[in-house]
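See structure below.
The values are calculated or read from the model by the stated rules, or taken from the named source; none is laboratory data. All values reported here derive from a predicted model rather than from experimental measurement. So basically every Cβ, Gly included, is an ideal-geometry build from the backbone, and we count neighbours across all protein chains shown. Ligands, DNA and RNA are stripped out before the accessible areas are found, and what is left, the full protein with its side chains, is counted by its heavy atoms. Shrake-Rupley method; radii C 1.70, N 1.55, O 1.52, S 1.80 Å.
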Amino acid sequence: MYQISHQQHNLVNFLLHCLTLKMAVFNIVRFIFVIGVVSGIFTELTAGQNCGCAPDECCSEFGFCGKAGDPQYCGTGCQQGPCTPPSDVNVADIVTEAFFNGILNQGDCPGKNFYSRGAFLDALTTYDRFGRVGTQDDSKREIAAFFAHASHETERFCFIEEKDGATKDYCNETNTQFPCASGKLYYGRGPLQLTWNYNYGPAGQDNGFDGLNNPEAVANDPAISFKTALWYWMRSVHSIITSGKGFGETIRAINGALECNNPAESAKVDSRVNYFTSYCSQLGVAPGDNLRC
């Protein structure tokens, strides 16, 4: 049998070692390449989630744009656009003149001649999934919840703007996507008292006005006022109430950082809950469980 020398043996081991290192380096490079590809895909997915869809496109549950009529985008969970109505509930039949006018504060209020059922119904043409998910009772609970929060925030549509709002700073300077405009104030306005530049900016984009340079539009145009309220609702609250998590979780979504689990603010929670249960009673629907946060 052929015998290899000690030097040849060492050379073979050295070559095998080099081959092993080469394979290891190759695997590392391949791994980095795969991570890079995945990261690129993830970046594209993340970018896709910032809807900004065309007017004739739907924004899906996961934030992607798709053609009108495509159930993958316009069906269950559709956030914006020509979403397919999931039910044939007519919100106008629930929010009657008597119901809406019964909410209006009859005192000497600036909002008395500003907020109207007509302006609310006009806003619904943009957000036609509001109050149209699930059963008739589910629709009534969502409607009751929306008007309960609006009643608390505006003292039953008495106020259009936040009291002493002009003295407060709602400019988040770290938000570079929606930077504050010089001299503009982003305090609470409208039915749900829209605040902060990072809300005014996208609310304006989605509703046809310049929210950063003209935030006053929310207090000057009743239709825009209701549209911005529904814009916030559909983005942050709608899925909570329609999924059955209860009214308490809607409080958390709207002002939970200040009111939830805070004994000093329990009266505000009481106010919201009392409005909700009252409106549920008027609409003939049980308020459900988990009323507080």
Subject >> Of residues in the range 141-170 being hydrophobic (A, V, I, L, M, F, W, C) and part of a loop (DSSP other than H, G, I, E, B), the one surrounded by the fewest Cβ atoms within 10 Å (Cβ to Cβ) >> reply: CYS158
**OP:** Please go through the range 125-148 and pick out each residue that is of a type in the set (Val, Ile, Thr) and at pLDDT 95 or above.
**Re:** ILE143
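For every residue, the table says whether it meets (1) open to solvent by less than 60 Å² (accessible area, probe 1.4 Å); (2) in contact (Cβ under 8 Å) with a residue 24 or more places away in the chain; (3) over 12 Å from ALA148 (Cα atoms); (4) assigned to a helix (DSSP H, G or I).
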| site | (1), (2), (3), (4) |
| --- | --- |
| MET234 | yes, yes, yes, yes |
| THR250 | yes, yes, no, yes |
| LEU258 | no, no, yes, yes |
| LYS268 | no, yes, no, yes |
| SER271 | yes, yes, no, yes |
| THR277 | yes, no, no, yes |
| GLY288 | yes, yes, yes, no |
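Residue-by-condition table, conditions (1) surrounded by fewer than 15 Cβ atoms within 10 Å (Cβ to Cβ); (2) touching a Lys or Arg at 6+ places or on another chain (Cβ under 8 Å); (3) part of a loop (DSSP other than H, G, I, E, B):
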site	(1), (2), (3)
CYS83	no, yes, yes
ALA92	yes, no, no
PHE99	no, no, no
GLY107	yes, no, yes
PRO110	yes, no, yes
ASN113	yes, no, yes
GLY118	yes, no, no
ALA123	no, yes, no
Subject >> Yes/no for GLY204 being buried (at least 22 other Cβ atoms within 10 Å of the Cβ) and more than 28 Å from GLN282 (Cβ to Cβ) >> reply: yes
